[in-house]
Structures are given as C-alpha cells and as structure tokens.
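Right, one structure below, let's go through it.
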Amino acid sequence: MGKEIKRILYGGDYNPNQWPREVWKEDMRIFRDARINSATINVFSWAKIQPSEEKYDFSELDEIVKMLSEEDYDIVLATSTGAVPAWMARKYPEVERTDFDGKHHKFGQRHNACPNSEIFRKYSAALAAKLAERYASNPHVKCWHVSNEYGGTCYCENCEKAFRVWLRKKYGTLDAVNQAWNTEFWGHTFYDWEEIVAPNALGEGLWDGRSAFAGMSIDYKRFNSDSMLQNYMDERDAIRKYDKEAVITTNLMGTYKELDYFKWAKEMDIVSWDNYPAYNTPWSLTAMRHDLMRGLKDAPFLLMEQTPSQQNWQPYNSLKRPGQMRAQSYQTIAHGADSIQFFQLRRSVGACEKFHGAVISHAGTEATRVFREVQELGKELERLSDLIPGSRNESQVGIVFDWDNYWGLEYTSGPSVDLRYEEQIHSYYEYFYEKNISVDMIPVDGDFSRYKMIVAPVLYMVKEGMKEALEAFVREGGVLVTTYMSGIVDQSDNVYLGGYPGPLRELAGLWVEEIDALAPEQKNGVKLVDGTNCSCNLVCERMHLEGAEALGVYEEDFYAGEPAAARNCFGKGRVYYIGTQLEKNGKAHILNMAAKDAAVESIVADSAGLEITCRKQGEKTFCFVMNFKEEERKLPAVFAGKTDLLKGNVLTETMTLKKYDVFLVEI
C-alpha cells in the first residue's frame, strides 16, 4: 500500500487553528527537536470548516495540511464530527440527544448528536466525503480518524422509532420480543410495535440505566452500540470512496461499557484507543486494557491519546513523576502498540481542558521537564521503528471479555450491587500479570483452540454456541477456569432452569442450589484441600458435586463444610469452578493448580516483581523489562550479557532497576 505506516507514530492531537500563524512555525521547530513525526488534526473543527449549512471553508485546514506535509509528518486526519456545529442544533433541534431522565438537550458539549438523526447522518457523511475528496491524494495522510471517542446514549423519539425497527430485524415478531423480555411479568405484554418505548426514566427505567426488564435494557445497549457503529460506518464508507489506501479508525476507550468493541473492531482497519489511568490505577489494569485493545483484532494497535504530564478530568490530577511517562509508553508498546500519541501537543489557552497536559506547556518553551522527557522518548523510538512495528504478542492463556456479559451482569437485580464486571475480570488477569504469563483478551466466539488455558470469570450470560465451544476446548485437553455467577441466563437475561450453571453444568460437574450475598463488612472462610486457609466475600454459592472433586470447603455459616471450589475432568481436559470470591492468595492457590495442569509457565521464572512482556518479529523476540514497584528490583540473570536496545548499554548480573526503569532486550 502506498500509504503504509512504516514507523512508530510519535505525536498527538494538534490544534494550530487555536493559535496565530507565528506560533505554528515555533511549534514545528520545537516538535522537530522532540522527534515528533505525526499529528492528529481537525478533531473538533466542524463548525470552522462548515460555518453554515451551504458553505464549506477548507482554507485554514489546507494550510495546516501543507505545513505538516512539508515537515514530513504522518498525518492522522480526523473527520471532526464528534461535536455538531451550533447552526445545526438551532435549525434542526432534533439532532440533539435526549438523556435517560427524558430531558431533550440544547446545543453544548461534545458527543451531542443523536446517532439516529437523519440530519446528523446526512451531514456527517457529507463532511467526511468532502474531506476525503480533498485530501486523499496527499501521501502524508496515512490514517483517518472518524469522529472522536464515541459514547453516551440517546433516548429520543428518533431512537425509539429506530429501536422498533432494530427489534423487528432481531426478533421478527412481537411474540418473540415478549418471550425474550418476559413481559408477562407485571403484565407488560406488547400487542403493537408502537407500544414499545425507549427504556428510560419516563418508561421502564429504574436507575443507573437499568429498566424493570433487563432483557430490554440489554437490547437497548446492543441497539445503541449498533447505532453509533452505523455512524462510524457511514463516514468510513464515505472516506473509502476517495481513499483506498489509508487506514481508517476511531479512538476507543478501553473497557468502556457502552459499546461492544469486539463488534466494532470488525469494521475498523486498525484499533486505536485513549489511555488515561488515574493516579491510583493499578499497572495491571492498564496492561489488561492494552491487551483487550490488542485482542479486539488480534493485532497491534495504535495508542491515539495519553497525556505527557497530567490530566484534568479526574478528581485528582497528579503530575506524572520523572520517568513515569516513559515507562507507561513502553508498557503500551510492550502490549502491542505501534504508536505513542499525546493529547495534546500544545496546551490550550482556555475552556475545560486548559489544564490538560501537553508537550508544550503554557510557558510556551521547550525548557521544561516534560518536554525533555518527551524528547528523550522520541530519540529512543526513532531507533525502534525498524524493530517493533508489526511485531506480535503470543499467549497460551486467553481471558474471555464480553460486552453482553458486561451489560447483563451489571443490569441484573441481585445478588449484589458490588458485582462489577471489569473488576471481576481484572482480579483474574492480575494473577497472570504478576507471574509474567502473557494473556490474550478474547471474545466468546474466539478461536479457543489456540490456547492451553481459558479463563472465563462471571460468565453470567451463556449465548448460543458458547456451551459447545467450551466443551470442545476442554474435551481436547484444554483447562477452563470459571466462577460463581456463570451459566445463569441466556442472551435475553432469562434464567436457565434446572440449576446453575445451566448449560455448563455437565462441563463443571456440579450444580448450584443457592447464591448467598455477603455485605461489605461480611466474610467467610475457605479451607483448601491441602490445609491452606483463606477468606472469601461478596458471594458464596452452595453447590452440589456431580463428578467434580472439591478443592476447598466453607468454614462458617449454615453451609460450613460444603464445597467452595471444585475441579472436574472432562474429556482430556479439566474444569476449575470457583464458587466464591476468594482473597488474592486463595485465588492464586487454585490458579497455580490450573496453570500447572495446563503446562503454562512464566516468561522468566525469577522475575522478582518486574513486568516482563515480549513481542515477536519473525525469529526475534523483544522483551520489555519494566519496574513499576517502589523498591529497586534485581535484573533477572537470563538478561545478563544482553544489550539494552534503548540506551545501548550491556546489562550485567549485578544491575538493578529503579522505579520506572525500562530495559529492552532481544533474546
């Protein structure tokens, strides 16, 4: 392809339209010193390039594209449709969203368009087409950035009508809808499609986006995700008419709940996302989100945004400590990124993101700590552009992540409000992260045969085909780990009768009679078969074994002595079922057994608290060795004598890594 990206993209969101021309020239000089080679432009410029319904003005954007092209930048050109212009909202008020409480919004903020507004769909696609027609021939335009951080939900009449159409396509008949949503409950049976209204606070809504009928809430989430995906596809298709070569993407947001990213990824050329951990976000959770973004297409991804210093949207916007931005960037690359992009390149002078960090601060000079760190990283990335892009991460363990389960688990009424899907997935991911066992985050319809071990925590919703896929995996020798709150409902949130875990009952070799919810101040104890004692909380399932062997029993309450965890042989493989939320050490104890059964081992045995993550390029393996702990850590002996590709130093057995130190080694 003539527009192939051949280097690590290094740059970020750039808004020269916010500054006088004399600043542009200075920016180019400073960015050149930082080795910046890419810029994302035109993200929120719809109002400027289309000042009225009939008029377009590309003169300033022409200047910006010309300047960046002359500087040999790889340009990420956004369609700027993340916020509608004021004229559109005034003339066509129906283009604005209606929120969960039923309030129809006026012009303001961003992500402010109803995804099912025909006006929005018409003008957004038209703008994308005009941009592509004008700039597709420019060889520096390597990537198209559609809209920005899609999100939110609309409950307006446009969406209500479109929801009915969506339901007709999905179910065919009203009888099927009534059965799926169990509308016999509370006597809410529908006899006409027009009787179905959006499940917001004016109708079936309860709280937190839920409704009295979880099946309806989940279907509305699916519908809303599909509606916004159609917006993306409208613009993508408009661009593709003029540009057959550049990749097209939109920036995702990690484990963002509202959109089914596995479905979205099928329509994207490359996944990109924005990484904004808080001051106290565990490094393992950030790593998991990177792995999820890589897993969406099972391919390297682009980091579209991170901050070089501090954020401004969070309650506590701490500065990144010296070396932290560099270490965070290398963790990103280690887990599959082929770019490091910042929001923003120059700090805005006003509005709600004026305190968001930037390569050039309000001081307007490169004589800052942040700029020096950006410059240092830029020089190092230049040396890696022939090594890293396109390389792959390889894993023997897959962890299932599924948006239907995300919605289903958190929309259900009971057993505990503290059941949070991302937290549950992360608590299992953390085990592998700390042991430096590479993990792929995989969909429920992924290729399980690629892995030795599959972990599927809180697999609450078992959809069509999942039972058969998991059974085939275990039957052929795979090791499956699943947990409480699994196999309970179908795709419409209707319970599988006959005992939990429903379709997984034979596979797990047990059935669950009751689920006890423990309040935050409550806990129980579990005694494992080898005598190890550990505590548990959140939920305790009362299970009956049907061929499985108990791995531990409860120590307290009326179900003391009953199994808390079990293992079942199925075909050539094994299934581990954990019926309660074990404390970290107890969970690790059982996962150690499962990993041993699966013959899964750490990348480096003596990693001593370091994060070690590898990418492979042909026959070469590149290991990123990183310390995110407060204490210094000894370099594993296996790396002694190797050369650090970042600094060119030969590593020795006596070396240690201070906090935020990073080595890159080829093995």
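Per-structure values
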quantity	calculated
Within region 5-20, considering residues that are part of a loop (DSSP other than H, G, I, E, B) and touching a residue at least 60 places away in the same chain (Cβ under 8 Å), the one nearest to the chain's Cα centre (by Cα)	Ile8
Residues (β-branched (Val, Ile, Thr) and in contact with a Cys (Cβ under 7 Å, 6 or more places away or on another chain)) located in region 491-543	Val526
Qualifying residue in region 400-423 (condition: closer than 20 Å to Pro277 by Cβ, in contact (Cβ under 8 Å) with a residue 60 or more places away in the chain and surrounded by fewer than 21 Cβ atoms within 10 Å (Cβ to Cβ))	yes
Wholly enclosed strands (runs of 3 or more DSSP E) of region 508-551 bearing at least 2 residues surrounded by fewer than 16 Cβ atoms within 10 Å (Cβ to Cβ)	510-517, 533-545
Residue count, region 152-174 (criterion: crowded, with 16+ Cβ neighbours inside 10 Å, touching a residue at least 40 places away in the same chain (Cβ under 8 Å) and not aliphatic (A, V, I, L, M))	9
Output for region 349-388, where each listed residue is more than 17 Å from Gln314 (Cβ to Cβ), buried (at least 17 other Cβ atoms within 10 Å of the Cβ) and either small (Gly, Ala, Ser) or touching a strand residue (DSSP E or B) at 6+ places or on another chain (Cβ under 8 Å) (or both)	Val359, Ile360, Ser361, Glu366, Phe371, Val374, Leu377, Gly378, Leu381, Leu384, Ile388
Strands (runs of 3 or more DSSP E) fully within region 573-667 counting 2 or more residues that are without any contact (Cβ under 8 Å) to a residue 60 or more places away in the chain and more than 30 Å from Cys536 (Cα to Cα)	620-626, 662-666
Top-ranked residue of region 169-200 - restricted to ones that are over 33 Å from the mean Cα position of the chain (by Cα) and part of a loop (DSSP other than H, G, I, E, B), ranked as nearest to Ala214 (Cα to Cα)	Thr183
Out of Val474, Val481, Val455, Val444, sole residue that is assigned to a helix (DSSP H, G or I) and buried (at least 20 other Cβ atoms within 10 Å of the Cβ)	Val474
Some residue of region 143-163 being over 26 Å from Ala83 (Cβ atoms), touching a helix residue (DSSP H, G or I) at 6+ places or on another chain (Cβ under 7 Å) and in a helix (DSSP H, G or I)	no
Pick from region 71-94, criterion of a type in the set (Phe, Trp, Tyr) and part of a loop (DSSP other than H, G, I, E, B), ranking: surrounded by the fewest Cβ atoms within 10 Å (Cβ to Cβ)	Tyr92
Region 126-142, residues that are out of contact with any helix residue (DSSP H, G or I) (no Cβ under 7 Å at 6 or more places or on another chain) and either buried (at least 20 other Cβ atoms within 10 Å of the Cβ) or in contact (Cβ under 8 Å) with a residue 40 or more places away in the chain (or both)	Ala126, Lys130, Leu131, Glu133, Arg134, Ala136, Pro139, Lys142
Residue in region 71-80 that is touching a residue at least 24 places away in the same chain (Cβ under 8 Å), in the same structural domain as Met268 (by TED's automatic domain parsing) and over 23 Å from Asn251 (Cα atoms) present	yes
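The values are calculated or read from the model by the stated rules, or taken from the named source; none is laboratory data. Owing to the predicted nature of the structure, the values given are computational and were not obtained by experimental measurement. Methodologically, a virtual Cβ is constructed for each residue, glycine included, from the backbone with ideal geometry; neighbour enumeration extends over all protein chains shown.
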